[in-house]
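Undergrad: Input: one structure, supplied below.
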Amino acid sequence: MATYEDFRKLEFKVAKVKEVIEHPNADKLFVMTVDMGDKTKQLVAGIRVSYKKEELIGRQVVVVDNLDPATIRGVESQGMILAASDANGIAIISPDREMQLGSIVK
């Protein structure tokens, strides 16, 4: 079980999706560039079955900013987009109004 202190170690921030391409080695993955206000990051996300590229570009999302980079099917991912899933598919977690990029999610 995770403690409150474990949770506090994670940094959740608002970012805007700038670019989306199909992962070259995986049918269910996108490679995305997100603007976090003070930096950009490349993320690999398993959301391709639920979203089209056009639906994602310009959208604000919540990103876990302080994860160690991971190589996913040969492509580096520098964070993680938060999403929920159920029997109907995947839904990205987004703020319900436009936020300043890099805003901390608590």
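Values in this text are rule-based calculations from the coordinates and carry no lab data. Every value quoted in this text rests on a predicted model; they were computed, and no experiment measured them. Ideal geometry is used to build each Cβ from the backbone, glycine not excepted, and the neighbour counts take in all protein chains shown.
Undergrad: In angstroms, what radius of gyration and Dmax does segment 36-89 have, counting Cα atoms only?
TA: 12.0, 36
Undergrad: Going 7 Å from the Cα of GLN100 in the Cα-to-Cβ direction, what parts of segment 55-86 have a backbone nitrogen less than 18 Å from that spot?
TA: The answer is 60-63, whose backbone nitrogens lie closer than 18 Å to the label point.
Undergrad: Which order do the peptides 83-91, 56-64, 1-9, 20-28 take when ranked by the mean count of other beta-carbon atoms within 10 Å per residue, highest first?
TA: The densest-packed peptide leads the list: 56-64, 20-28, 83-91, 1-9.
Undergrad: Rg/Rh for the chain to two decimals, with Rh computed the Kirkwood way over all alpha-carbon pairs.
TA: Reported Rg/Rh, Kirkwood definition of Rh: 0.95.
Undergrad: Turning to a different aspect of this structure: Determine which lysines satisfy two conditions relative to LYS106: a Cα distance under 21 Å, and not lying fewer than 8 residues away in the same chain.
TA: Output for LYS106: LYS9, LYS13, LYS16, LYS39, LYS41.
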